[in-house]
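The values are calculated or read from the model by the stated rules, or taken from the named source; none is laboratory data. Predicted model only: the values in this text are computed from it and were never measured. In this analysis, Cβ positions are derived from the backbone assuming ideal geometry, glycine residues included, and neighbour counts consider all displayed protein chains.
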Amino acid sequence: MSLADILDRIDRARRAAGAGPVTLVAVSKTQPLERIEAVLQDGHRVFGENRVQEAASRWPGLRARHPGIELHLIGPLQTNKLRQALDLFDVIQTLDRDRLARKLADEAQARGRCPPLFVQVNTGAEPQKAGVLPEEADDFITRCREVYALPVIGVMAIPPLDEPPVPHFRLLREIGARNGLEKLSMGMSADFELAIAEGATHVRVGSALFGARLPHGQG
Ligand SMILES: *Cc1c(COP(=O)(O)O)cnc(C)c1O
């Protein structure tokens with residue numbers, strides 16, 4: 001589907017919901033460079049990657065050719081990759097544990113700046129998935145802000161694959177609302193319109209925009 005088609009679907013869903021602006025985070029992980037270049041040529045500037053290493057292999061080059069890029073980290077962040085991540089990404093959507101918050105705060109202090117952050121919430125409490133548990137989210141968000149003075153602007157979730165997503169979107173919205181966080185990153189290719197109806201401000205769309213992904217390692 002073309003960028004224009006996706007933006008049109010987002011805009012319709014947004015208007016139907018009477019909602020404000022919604023940012024399309026174009027998820028370019030494992031996509032061939034030509035497809036990313038094509039979306040850049042069409043004028044899009046906000047992208048998401050889920051691996052630091054993969055982002056490092058191509059985004060510095062893409063940035064040199066296309067001004068104004070805003071790159072979001074949407075995958076797990078290991079503390080040993082933190083510095084590299086801060087060099088590469090403009091927004092980090094996957095803040096999810098105290099140790100990472102502490103290291104981020106130290107590094108932000110040293111650099112004199114910190115990218116805007118989303119706290120990732122594991123709304124389905126899936127053991128294999130990153131994110132704070134819903135019942136731990138309020139405490140964690142408070143700690144990030146008050147103890148570490150981190151610029152948390154929103155919450156992010158990836159609902160379980162095998163469940164209807166809407167209850168998860170609602171749970172995330174409630175967590176955001178009761179913590180005074182305006183930004184909600186939720187909704188992917190299969191369900192971004194549903195997410196917008198539930199208040200998403202950022203949708204993360206990969207395959208619907210770029211086409212099917214190659215497995216990691218073959219991209
Ligand atoms: C891959 C990925 C997406 C995009 O998934 P699609 O179904 O291809 O749109 C969104 N969010 C995260 C965190 C991802 O890892």
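Brief remarks on what is shown
- Yes/no for Arg14 being part of a helix (DSSP H, G or I), surrounded by 13 or more Cβ atoms within 10 Å (Cβ to Cβ), in contact with a Phe, Trp or Tyr (Cβ under 7 Å, 6 or more places away or on another chain) and not hydroxyl-bearing (Ser, Thr, Tyr): no
- When Ala56, Ala13 are checked against the criterion of being in contact with a helix residue (DSSP H, G or I) (Cβ under 7 Å, 6 or more places away or on another chain), under 14 Å from His202 (Cβ atoms) and modelled with pLDDT of 95 or more, a single residue qualifies: Ala13.
- Selection of first residues in the stretch 7-28 that are under 30 Å from Gln53 (Cβ atoms) and of second residues that are away from the ligand (no atom under 15 Å from the Cβ) and basic (Lys, Arg), restricted to Cβ pairs under 6 Å at least 6 apart or on distinct chains, gives the following pairs, ordered by first then second residue: Val22/Arg14.
- Out of His66, His44, sole residue that is surrounded by fewer than 18 Cβ atoms within 10 Å (Cβ to Cβ), in contact with a helix residue (DSSP H, G or I) (Cβ under 7 Å, 6 or more places away or on another chain) and at pLDDT 95 or above: His66
- Scanning the stretch 152-167 for residues that are in contact with a Pro (Cβ under 9 Å, 6 or more places away or on another chain) and over 18 Å from Val25 (Cβ atoms) yields Val166, Pro167.
Condition check ((1) closer than 25 Å to Ala19 by Cβ; (2) crowded, with 22+ Cβ neighbours inside 10 Å) across all residues:
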{"residue": "Asp138", "(1), (2)": "yes, no"}
{"residue": "Val147", "(1), (2)": "no, no"}
{"residue": "Met156", "(1), (2)": "yes, yes"}
{"residue": "Ala177", "(1), (2)": "yes, no"}
{"residue": "Gly180", "(1), (2)": "yes, no"}
{"residue": "Lys183", "(1), (2)": "yes, no"}
{"residue": "Ala195", "(1), (2)": "yes, yes"}
{"residue": "Val203", "(1), (2)": "yes, yes"}
{"residue": "Ser207", "(1), (2)": "yes, no"}
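- Hits in the stretch 99-125 (condition: surrounded by 15 or more Cβ atoms within 10 Å (Cβ to Cβ) and under 25 Å from Pro159 (Cα atoms)): Leu100, Ala101, Pro115, Pro116, Leu117, Phe118, Val119, Gln120, Val121, Asn122, Thr123, Gly124
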